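What follows is a structure written as structure tokens; I'll ask about it next.
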Amino acid sequence: MTTTKANPARSRTAWAWLTGTFLDIGLLPGGPGTWAAGATAVIWYFAARGSHPSATALTIGTLIALAVVTIVGVPAASIVEKESGRQDPGHVVIDEVAGQLTAMLLAPSDIGHVALAFVLFRFFDILKPPPVRQLERLHGGLGIMVDDIAAGIYALLVGLIVHHWW
């Protein structure tokens, strides 16, 4: 069976595509999920370093960002999935943003911890240990988003263990 994909330039909901592709980062060649997770880590790092928040304020700010990305990302991912005519299309990377934010939720704002969170998130996002793969089966934008958040939780937990011994 041949699957035809819709022309992304035709019949696009602008806000959903801009959000779902994380400002078109998802359209970059060669691993758009890695590009999106990396961009998220860099933005988070410079925002945290530039504002010098307390650890509590940084956690609260990251949690708020994660909530906003998730609340907006689920419908955006659903719309882009429908308009592109593909299930869980690779150019939808707002889920990587949510997963990377989850991985950095309790991270100190130093480059070592941010790099560790990035590597761990990408590892668990690619490996998809249970129940991450099963969550991917949820319908539409919810399935697109929650598997990456679950991978981010794995990365967060391993990162906390490493931080404890670091």
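The values are calculated or read from the model by the stated rules, or taken from the named source; none is laboratory data. Note that the structure is predicted; figures quoted are calculated from it, not measured. Glycine also receives a Cβ, built like all others from the backbone with ideal geometry; neighbour counts cover every protein chain displayed.
Among the residues of region 49-64, count how many are among the polar types (S, T, N, Q) and outside any helix (DSSP H, G or I).
1
Please enumerate the residues belonging to region 99-114 that are surrounded by 13 or more Cβ atoms within 10 Å (Cβ to Cβ) and in a helix (DSSP H, G or I).
The answer is Gly99, Gln100, Leu101, Thr102, Ala103, His113, Val114.
OK, next. Looking at region 1-25, I want the residues that are under 15 Å from Val92 (Cα atoms) and small (Gly, Ala, Ser) and have a partner that is at pLDDT below 95 and loosely packed, with under 15 Cβ neighbours inside 10 Å with Cβ atoms under 6 Å, at least 6 apart or on another chain. Which pairs are those?
Ala6/Gly85
Same structure, new question: Could you grab me the full set of residues in region 131-163 that are within 14 Å of the chain's Cα centre (by Cα) and either small (Gly, Ala, Ser) or outside any helix (DSSP H, G or I) (or both)?
Glu136, Gly141, Gly143, Ala150, Ala151, Gly152, Ala155
Would you confirm, using the coordinates I've provided, whether Pro108 is free of Cβ contacts under 8 Å to residues at least 60 places away in the same chain and in contact with a helix residue (DSSP H, G or I) (Cβ under 8 Å, 6 or more places away or on another chain)?
yes
Turning to a different aspect of this structure: Across region 1-45, what is the number of residues that are surrounded by 12 or more Cβ atoms within 10 Å (Cβ to Cβ), modelled with pLDDT of 95 or more and either assigned to a helix (DSSP H, G or I) or among the charged types (D, E, K, R) (or both)?
24
Look through Gly90, Gly140 and report the one residue that is out of contact with any Phe, Trp or Tyr (no Cβ under 9 Å at 6 or more places or on another chain), farther than 22 Å from His164 by Cβ, in contact (Cβ under 8 Å) with a residue 12 or more places away in the chain and surrounded by 13 or more Cβ atoms within 10 Å (Cβ to Cβ).
Gly140
Determine whether Gly73 is out of contact with any Lys or Arg (no Cβ under 9 Å at 6 or more places or on another chain), crowded, with 18+ Cβ neighbours inside 10 Å and more than 20 Å from Phe22 (Cβ to Cβ).
no
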